[in-house]
Amino acid sequence: MIIPDLFRLNDWNTRRFNLFIWSILVAYDFSFISNVPLYSLEILSKILGFVILTFIPGYIILRIFKVHDIDRVVTLLLAIGLSLSFIMIFGFTVNMFLPYIGVSKPISTFPLFYSLNISILVLMIIYYFRDKKFNSSQNQLRITFSPMLFYFILLPLFSILGTESVNHYNFNMPVLILLFVISLSPILIALDRISRDLYPFMILSISLAILYNMNLISTHLWSYDIFYEAHTSKYVLENGIWNPGNKTMVPLLLFTILSPVYSLICDLNVIWVFKIIFPFFFSLTPLALYYVYKELDFGNYKVDYEIAMLSVFVFIFFYGFYKDMPDKQHIAELFLALILILSIFNTQKRILLFIFFFP
């Protein structure tokens with residue numbers, strides 16, 4: 001089966017790229033302004049908001065810097081990292097400068113909505129003049145359906161259903177079965193029962209399954225520092241602005257800007273930003289590490305794909321991966337992994353390192 005390669009959106013020709021970006025943005029804007037969920041499904045509007053924040057700015061920035069024809073996994077990781085960095089820089093700018101033009105609550109729904117649209121428009125204009133002549137044939141993805149592919153698709157879904165079983169029926173057997181099945185994954189790798197093409201998807205699937213299994217238990221926050229961090233995000237949302245001089249808040253853009261922006265644009269309670277969106281971000285860290293590991297070259301010895309995969313499982317199965325709800329350290333690990341990717345990346349686009357250092 002051949003489909004458009006959404007992972008390498010930056011390699012699409014200008015016309016298709018523009019059509020895709022504007023279609024998503026217009027669909028979200030229509031739903032937002034009319035206050036009517038698309039097709040009467042509120043979840044679609046939330047998904048579109050998530051897509052716009054998580055992917056769109058990053059892919060546009062990749063085109064601005066003319067980053068093309070690289071591994072699709074690396075492209076996806078860089079796009080997400082650039083999007084998160086952009087949202088934090090964008091939100092910080094809005095927070096600091098809109099009050100000077102009479103907007104007393106810049107971190108609120110409508111100021112953010114209009115500012116985000118304007119910022120994406122500016123990025124699109126810059127990209128158009130920088131990269132409008134690019135044309136590539138690498139814009140299709142061939143998918144081969146297999147039992148293993150469906151197995152990895154079902155793992156995160158089964159994890160979510162397992163947490164619902166615990167939350168509503170106090171029945172944990174699905175969770176125990178899930179953990180047992182996941183524990184067999186390194187054995188499948190060692191026995192060479194899984195195609196190498198599925199390795200990246202396998203890592204993401206298992207990471208999401210483990211993290212959602214822990215984070216979606218109960219509808220409340222749990223862990224340690226996350227209560228102070230959530231207080232910061234709620235304070236910003238209630239007041240519509242972040243005051244850097246306020247000593248009662250955690251002065252990190254992750255909580256003063258990023259989580260409030262996701263909460264407002266995706267119309268999610270900030271608790272669910274911590275429980276759903278942040279675990280997704282952290283699940284990308286093992287994926288980034290896999291790319292780093294398989295590119296390691298020690299001269300006489302180069303790490304092969306299987307060793308790289310098993311090394312990733314050492315990280316995923318370590319209790320520090322899932323013992324806390326993902327917060328500042330975990331998202332910082334993602335950016336560190338992205339910096340490692342760029343440090344071994346054979347390209348002149350290492351200027352992107354400075355963007356990843358900002359958060």
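The table for this structure:
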quantity	calculated
Candidate set: the range 1-22, residues that are within 21 Å of the chain's Cα centre (by Cα) and surrounded by fewer than 16 Cβ atoms within 10 Å (Cβ to Cβ); chosen: the one nearest to L77 (Cα to Cα)	L6
Residue in the range 126-138 that is under 19 Å from S23 (Cβ atoms), open to solvent by 50 Å² or more (accessible area, probe 1.4 Å) and part of a helix (DSSP H, G or I) present	yes
Considering residues of the range 196-239 that are outside any helix (DSSP H, G or I), among the polar types (S, T, N, Q) and open to solvent by less than 60 Å² (accessible area, probe 1.4 Å) only, the residue nearest to V166 (Cα to Cα)	S218
Residues being of a type in the set (D, E, K, R) and either part of a helix (DSSP H, G or I) or open to solvent by less than 10 Å² (accessible area, probe 1.4 Å) (or both) - total across the range 60-105	2
Set L149, L116, L161: member being out of contact with any Phe, Trp or Tyr (no Cβ under 6 Å at 6 or more places or on another chain), under 29 Å from N213 (Cβ atoms), in a helix (DSSP H, G or I) and open to solvent by less than 30 Å² (accessible area, probe 1.4 Å)	L149
The range 24-41, residues that are in a helix (DSSP H, G or I) and either modelled with pLDDT of 85 or more or open to solvent by 100 Å² or more (accessible area, probe 1.4 Å) (or both)	I24, L25, V26, A27, Y28, D29, F30, I33, Y39, S40
Checklist (1) in contact (Cβ under 8 Å) with a residue 40 or more places away in the chain; (2) under 30 Å from S115 (Cα atoms); (3) assigned to a helix (DSSP H, G or I) applied to W242, failing item	(3)
Residues of the range 250-273 satisfying the condition of being in contact with an Asp or Glu (Cβ under 9 Å, 6 or more places away or on another chain) and modelled with pLDDT under 95	V250, L252, L254, F255, D267
Hits in the range 276-292 (condition: open to solvent by less than 20 Å² (accessible area, probe 1.4 Å) and either β-branched (V, I, T) or in contact with a strand residue (DSSP E or B) (Cβ under 9 Å, 6 or more places away or on another chain) (or both))	I277, T285, V292
Enumeration of residues in the range 293-321 that are open to solvent by 80 Å² or more (accessible area, probe 1.4 Å) and at pLDDT below 90	D297, F298, N300, Y301, K302, Y305, Y319
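The values are calculated or read from the model by the stated rules, or taken from the named source; none is laboratory data. In this text, all values refer to a predicted model and were calculated from it rather than measured experimentally. When we count neighbours, we look across all protein chains shown, and the Cβ atoms used for this are built from the backbone with ideal geometry, even at glycine. SASA here: full protein model, heavy atoms, side chains in, ligands and nucleic acids out. Shrake-Rupley method; radii C 1.70, N 1.55, O 1.52, S 1.80 Å.
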